[in-house]
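Okay, so here's the structure we're looking at.
Values quoted throughout were computed directly from the atomic coordinates according to the rules given, and no laboratory measurement underlies them. The structure presented is a predicted model; accordingly, all values stated were derived computationally and were not measured. FYI the Cβ positions are ideal-geometry reconstructions off the backbone, even for glycines, and counts take in every protein chain you see.
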């Protein structure tokens, strides 16, 4: 069952790797074909140039350290404070259940927002599978790109997955203990078979969604809001065929920030809802 699929057990199977990859300092621009394995430490903003390709081996740990003076060159929106990986080429981060790839701050005890994020812009293809994203401002931020992320965990970030004008497929991922699990502004996302639990907001939609499919996900105990709409969303949003936990429709409506709270906004359309047993029987 998909609950089994999304359990954290694959993290317990990680084994230490004796190999150590490069420590990259800004100014660092990656060109050509680049491979990372073992442990890679990033200081400041590292850019994967257009036309370049970065392949990250299963089991690799990418640890972000605090940028030194002059190393945090990209600080203004749509970038973030702290060290970042900025992707303008192709990225393949394909871990396995026994050897996941990790993106986190070098200090595992540091809070969310300790590093900037993976900032993908104008990428023809970026693929993530069996990846742990932890402690970032916006762990995976993608704009005008094609991105797939599956079987991955977004945990303890200010924002887990954030995107704008992107062709995105996100399925069979776990989002937990983030300020906001998923935030989007335009784009053509397909989100399905994801478990979104114990976040401040499950989904924040900041502008009119178009060409989207969000179904067969489980949204559980995201407070104060399972879903929050921004002031640019005046149309109703279709979130039918998702599971919302053991709540009645009346209880669920109190967990939406939408036209029920501010009549300027559209409303979340959530019925029919998946029942618990139907969610649990989704295919792996």
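What fraction of the DSSP beta bridges in the chain is antiparallel, stated in percent and rounded to the nearest 5? Please list the in-between numbers first.
Details: 0 of 96 bridges.
For the chain, the DSSP antiparallel bridge percentage is about 0.
What's the FRET efficiency of residue 107 with residue 198 using the Cβ-Cβ distance as r and R₀ = 25 Å, to the nearest 0.05?
E between residue 107 and residue 198, to the nearest 0.05, is 0.65.
Using only Cα atoms, what is the ratio of the radius of gyration of the chain to 2.2 N^0.38 Å?
Output field value: 0.99.
Roughly speaking, what is the stretch gain from residue 215 to residue 275, that is 0.36 nm per residue apart minus the C-alpha to C-alpha distance, in nm to one decimal?
Extra length available between residue 215 and residue 275 comes to 20.3 nm.
Relative contact order for the chain: what is it in percent, counting Cα pairs under 8 Å that are at least 6 residues apart?
11
Can you tell which of 250, 134, 39 shows the greatest fluctuation in a Gaussian network model of the chain with Cα springs below 10 Å?
Comparing 250, 134, 39 in the GNM, the peak value goes to 250.
If I model a spin label at residue 247 and residue 35 as a point 7 Å from the Cα along the Cα→Cβ vector, what separation in nanometres do I get?
4.8
So between residue 254 and residue 69, what do we pick up on full extension, going 0.36 nm a residue minus the alpha carbon distance?
Stretched fully, the residue 254-residue 69 segment lengthens by 61.9 nm.
Calculated FRET efficiency, residue 55 and residue 207, Cβ-Cβ r, R0 45 Å, to nearest 0.05?
0.85
Within region 200-217, which residues have the backbone N less than 17 Å from the label spot 7 Å out from residue 223 along Cα→beta-carbon, could you tell me?
Counting only backbone N, you get 200-203.
Using a Gaussian network model of the chain with C-alpha springs under 10 Å, which one of 179, 51, 200 is most mobile by mean-square fluctuation?
Most flexible of the set in this elastic network: 51.
Take 61, 216 and order them by how many other Cβ atoms sit within 10 Å, fewest up front.
In order of increasing Cβ crowding within 10 Å: 216, 61.
For each of 88, 260, 146, count neighbouring Cβ atoms within 10 Å of the residue's Cβ, then give the residues from fewest to most.
Ascending Cβ contact count within 10 Å gives the list 260, 146, 88.
Order these by the 10 Å Cβ neighbour count, fewest first: 258, 150, 45, 236. Present the calculation step by step, with values, prior to reporting the outcome.
Values: 258 21, 150 17, 45 24, 236 14.
Going from least to most buried by this count: 236, 150, 258, 45.
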